[in-house]
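These notes are about the structure you will find just below.
The values are calculated or read from the model by the stated rules, or taken from the named source; none is laboratory data. All of these numbers come straight from a predicted model, not from anything done at the bench. Glycine also receives a Cβ, built like all others from the backbone with ideal geometry; neighbour counts cover every protein chain displayed. These accessible areas exclude ligands, DNA and RNA; they are computed on the full protein's heavy atoms, side chains included. Shrake-Rupley method; radii C 1.70, N 1.55, O 1.52, S 1.80 Å.
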Amino acid sequence: MDREQKDMQFLGRFGIYLESCKIIFNFRRILSKISLAFILPLSLIFLANIAVSDSLSSQGAAFWLVEFVYLTFFLVFSILSTSAVVYTVASVYTGSDVTFGKVMSVIPKVWKRLMVTFLCAFLAIFLCNVVLVVLIILWRVTIKHVDRDALVFFRAFVILYVVVIVYMTVVWWLAGVISVLEDIKGIQAMTKSRNLIQGKMRIAIVFLLKLGAAIYGIWILFESQVVRNASSGVPCRLAFGFLCLLMLFSVLLFGLVTETVIYFVCKSYHHEYINKLSLSDHLDEVNQGEYIPTKANDVQLEKIDG
């Protein structure tokens, strides 16, 4: 990144997208290697699950077994992809030399913190879904006659649920970056993410919704043209499958790079200017043996009242 830290706070959505595209283009060699190693398998797992789940949806035990295996591999490659891309973008930010070997060296040092954060977020979202299901059951049992007021209440509750889930996803999303670059994890990382993202929440939510819409669109295209379009010939279905894989591959890479850029934008917005030398030393610890995680005081140069 060639911008001054104090100027990054002024980046809007377009500026953040442009910054992400510059990083992907200028460092396409190392990001291509990371993508082939981690993001490509993640994309294949995602698309394969759509095809397998569709064929097993009527077989209870087999379906849930496949879903468990899918979620396990999806979590593993999500952690690997996030660790690698965040580390690479942070190295770009500090001007450090980054190689695929360095990336592979740092992953074993940070994956545990990132996994704890991901699992905490999964648990929180799971509990929200449990609460929703319980309330829906209670609502159907207690409400004998569904009148207009009951429908209005139910719709309002669903809207509130969606807002909460989107908010939690945004917080979890940034917490992943924090878990890689700072010595905190789990609830601590999510708490810091919640505080850090204030003031840039709208940008983060809009980007997350666009990212989700893009992934959902790819899902629909793959399911309709590859999984369920039996009338098309094999070459046509393979072509659509490759197109979906290429699009998903690109969307996931862009999303991971952008979430790291947003982290630095949020740090700048709160005047938590990062000491690039300290962060660079932290990133280079992998070449010196024992890995020492960066603490909050190490990455913060100064905090100035805006």
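Here are the numbers:
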quantity	calculated
Percent accessible area from carbon and sulfur atoms, segment 135-221, protein chains only, probe 1.4 Å	70 percent
Residues in segment 99-133 that a label on Leu75 would reach, taking backbone N under 14 Å of a point 7 Å out along Cα→Cβ	112-127
Two-decimal log10 I(q)/I(0) for segment 84-130, as the Debye equation yields it once each C-alpha is a single scatterer, q = 0.13, 0.24, 0.28 Å⁻¹	-0.43, -0.82, -0.96
Per-residue SASA entry for Tyr161, accessible area with 1.4 Å probe, Å² rounded to 10	60 Å²
D (Stokes-Einstein, µm²/s), Kirkwood Cα radius, segment 152-260, 1.002 mPa s at 20 °C	132 µm²/s
Residues listed by number, segment 78-96, amide nitrogen under 18 Å from Trp219 label point at 7 Å toward C-beta	78
Table column - 3J(HN,Hα) (Hz), segment 93-99, Karplus curve with 6.51, -1.76, 1.60, x for Gly and Pro	4, 8, x, 6, 6, 10, 10
Computed lengthening from Phe126 to Leu151, 0.36 nm per intervening residue step minus Cα-Cα distance	6.5 nm
Unsatisfied cross-links (Cα-Cα over 23 Å) in the set Lys192/Lys267; Lys102/Lys200; Lys109/Lys185	Lys102/Lys200
Separation of the Tyr161 and Leu36 label points, Cα + 7 Å toward Cβ, nm	4.4 nm
Å² per residue, accessible surface of segment 115-233 at 1.4 Å	58 Å²
